[in-house]
Amino acid sequence: MTDVNAVREKWQLTREGLDKFLVALSPERDEAARIYEALRGKLISYFDWRNCAMPEDHADEVLNRVIRKIDQGEPISEPSTYVFGVARMLLLEISRAALKERTALSELRPVADEVDDEMTQHRIVSLRECLSSLSDKDRKLITLYYENDGGASKISQRKQLARSLDLELNALRIRACRLRDRLEQCMKRRLAKQYS
């Protein structure tokens, strides 16, 4: 069975794939380019209106996904309509990832005014022990991934981290999510031993 994530990571936008997409938009090259730019603008607005942090990147991701489908031979009769179906699916992915991230942060990040609390102290010790059980590479990745509190600096740092690891941003998110899940399970086991 083919690993979908591996296929996504290996696929690269090609001139041939883009040409197939443009032909699907319109047989006339200039008209196809105009439709493409209009679609991209609408996608940027779509993600911007929904308060997504990187609307241009999300618009490009949607177009790349559609181009990949066409390049792989999937027949798409109305690409202009299909694009917005893919955009809705990506928006769901973004929402789920943001929810998981918020949940994980609320579980992993100790609250400053509770530091003296015994349970919080145990959680901090457990987190440090669990972090030390990770490989240096994984520990660095998860630490850098959650280093900033938010805003543009967090976004640019994650983009930079993805580039330094030669990953797409979505692949970095998946890796960080898996590491966070491992840390949560490790902490639960350690805390259960302490309080049993």
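Any read-out appearing in this document is the output of simple, stated calculations on the displayed coordinates, not a laboratory observation. In this text the structure is predicted, and so the values were computed from the model without any measurement. Here the Cβ is made from the backbone with ideal geometry for all residues, glycine too, and neighbour counts use every protein chain on show.
Set side by side, the residues Asp57, Asp30 differ, and just one is more than 23 Å from the chain's Cα centre (by Cα), of a type in the set (Asp, Glu) and at negative phi, which is Asp30. Looking only at the stretch 126-149, filter to residues that are touching a residue at least 12 places away in the same chain (Cβ under 8 Å) and exposed (fewer than 15 other Cβ atoms within 10 Å of the Cβ); which one of those is farthest from Arg190 (Cα to Cα)? Only one residue fits best here, namely Thr143.
Among the residues of the stretch 150-188, those that are surrounded by 13 or more Cβ atoms within 10 Å (Cβ to Cβ) and within 17 Å of Arg128 (Cβ to Cβ) comprise Leu179, Arg180, Arg182, Leu183, Glu184, Cys186, Met187, Lys188.
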